[in-house]
Every structure is written in structure tokens, then in C-alpha cells.
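A.B. asks: Shown below is the structure under consideration.
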């Protein structure tokens, strides 16, 4: 397991569903997170479920040194993609 809990965000609540462009938009947001060191918050989430062990970013963007990020895109009809991105 990881030595720490990775920060988690979910942009779809703010962006809506981009249909065919959703994966590209979410990948671009992941690149911006790596570039600027700011993880955007999950919209309309005050706190994750108790005991979930998930470190969701809530309420405010979180500044942190992000070196590696993973973007998961799950589409209609079973079109699924996972990208692992790292800062150069």
C-alpha cells in the first residue's frame, strides 16, 4: 500500500459530462494540477463518508507538491481509460 493517502478530486460535478471529450478534459485538468500544484475540490461535498479512508479535497483547492497523478475516465458503453501522469 501507499505510505500516505493520495488526494482525490472529481471534476464532473463542476464541468458536467463532456461525453466524447470528457476524458480529454479530465486529462487536461490533471496536467494543470501537476503543473500548478493545486488540487481542485469536489463540488458539493462537505466530507467523505466516515471510515472511507478517502482523502477527498473539499471546500477549497489544496496547494500541494503533486508529482504523480492518475486520471480515471469511465464512459458510456464500457469505454474506460486510466492515465498515469508525472511531472518531468
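A.B. asks: Rounded to whole Å, give me the distance from the Cα center of segment 1-36 to that of segment 50-88.
C.D. replies: 5
A.B. asks: What value, in deg cm²/dmol to 500, does the helix sum -39500 (n - 2.57) over DSSP H runs of n ≥ 4 give at 222 nm once divided by the residues of the chain?
C.D. replies: Working: 2 runs with 19 residues, N = 88.
When only DSSP H runs of four or more count, the value is -6000 deg cm²/dmol.
A.B. asks: Quick check: residue separation of residue 88 and residue 12 times 0.36 nm, minus the Cα distance between them. What number comes out in nm?
C.D. replies: Using 0.36 nm per residue and subtracting the Cα-Cα distance, I get 24.7 nm.
A.B. asks: Of (1) 1.03; (2) 1.10; (3) 1.90, which one was derived for Cα Rg over 2.2 N^0.38 Å from the structure shown?
C.D. replies: Of the listed options (1) 1.03; (2) 1.10; (3) 1.90, (2) comes from this structure.
None of the figures in this text is laboratory data; all of them are computed from the coordinates on show. Fair warning: this is a prediction, and the values are worked out from it, not measured in the lab.
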